[in-house]
Every structure is written in structure tokens, then in C-alpha cells.
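Trainee: I'd like to ask you about the structure that follows.
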Amino acid sequence: MTTRVFTSPLFLGFDHLEQMLERAAKASSDGYPPYNIEQTGPAGLRITLAVAGFGMDELSITQEENNQLVIKGRQNDDSQGRVFLHRGIAARQFQRAFVLAEGIEVKGAWLDNGLLHIDLARPQPEARVKTIKITRGGGNGATAPSRILNGKPEGTS
């Protein structure tokens, strides 16, 4: 069951925000791997995931069409022929997804001491004011034809 967030008729065109909120709510509630999100500057963000035990060739980062940043980890099972008396280090796979706002750019990623860092940039929007011309007549911004009075268009003498 979905709950509509933007029920007011004053919120026009926010359907995509509701869809993003639903995607974020459906995202895995699994806490693995743990992560931090930090602000690195006025327009910079960094996601850091704790991925100890994963090599660079076992990690992948993709930015999908629906503004999702997906990080996947797949470890190769190298336990063949080994006998564990206790196995406390799990060789598990993971997938972590983040919904990015429109315009967020992935600047780069690097792996350092078991931490995967992903730098993001949030471009600052231009401040702009647009004046809308008001015309006579009907909708769609089209100008309605003038009425004819005494054989002449209205407003002329």
C-alpha cells in the first residue's frame, strides 16, 4: 500500500519525488556494509563504505538511469580445501543503492585500507527569475482572436 505524500493540488509535477521516496523506502534495510555520508564542501559529498576484505576487482559501482547509485561487492570463494575451526569473517556479497538527486555527479571513487570512498558533486543551481507574459484570451499561452466591434478589431479606433 502506498501513501501519497504530495496530496495537495498545489504540488504539481512532484510524482517523480514520490517515486524516489518509494524506491528509497524499498531499499535494503540490511546494515551491511556500514557507510557514512559526509559533506566535503559547499557542493561536495562523499559516501564511504566499509568493505574490508574486498579487492578492487570484487567491487563495482554503477549509476543507473533512474538516478540510483548502485555499489556491489562479490567476493571470490577461496575457502576450497581449507578447514575452519571458527569462521567469523563472512565472505558475503552485498548490494547497496543510493537514490541521487537530479544533477548530482559522481566525480570518482577509490579504495583505501578497506574503505571505499565515492565523491559526488552537487552543482549549485543558477538563480533565475522568469517573467511570464500575460496575454488576452484562452489557455495554452495562445493569443485569442480579438472581438470585432462595428467592423473593426476591439481596441482600435
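The values are calculated or read from the model by the stated rules, or taken from the named source; none is laboratory data. Everything quoted here is computed from the prediction, not taken from an experiment. So basically every Cβ, Gly included, is an ideal-geometry build from the backbone, and we count neighbours across all protein chains shown. For the accessible areas, the whole protein counts, side chains as well, though only heavy atoms, and no ligand, DNA or RNA atoms are used. Shrake-Rupley method; radii C 1.70, N 1.55, O 1.52, S 1.80 Å.
Trainee: Of the residues K133, K107, only one is in a strand (DSSP E or B), open to solvent by 60 Å² or more (accessible area, probe 1.4 Å) and either of a type outside the set (S, T, Y) or under 27 Å from M56 (Cα atoms) (or both); which?
Mentor: K107
Trainee: Also, I was wondering about something else. Can you pull out every residue in region 47-91 that is under 24 Å from A101 (Cβ atoms) and in contact with a helix residue (DSSP H, G or I) (Cβ under 8 Å, 6 or more places away or on another chain)?
Mentor: N66, N67, Q68
Trainee: Separate question: Quick check: anything in region 65-78 at pLDDT below 90, open to solvent by 50 Å² or more (accessible area, probe 1.4 Å) and not acidic (D, E)?
Mentor: Yes - at least one qualifying residue is present in region 65-78.
Trainee: Here's something else I'd like to know. Taking the condition of being touching a Ser or Thr at 6+ places or on another chain (Cβ under 9 Å) and hydrophobic (A, V, I, L, M, F, W, C), how many residues in region 98-119 meet it? Explain how you work it out, then say what you get.
Mentor: Going through region 98-119, the residues touching a Ser or Thr at 6+ places or on another chain (Cβ under 9 Å) turn out to be 115-119.
In the following step, the residues that additionally are hydrophobic (A, V, I, L, M, F, W, C) were identified as 115-116, 118.
Number of matching residues: 3.
Trainee: Does region 19-59 hold any residues that are more than 15 Å from D119 (Cα to Cα), open to solvent by 50 Å² or more (accessible area, probe 1.4 Å) and modelled with pLDDT of 90 or more, and which are they?
Mentor: P34, M56, D57
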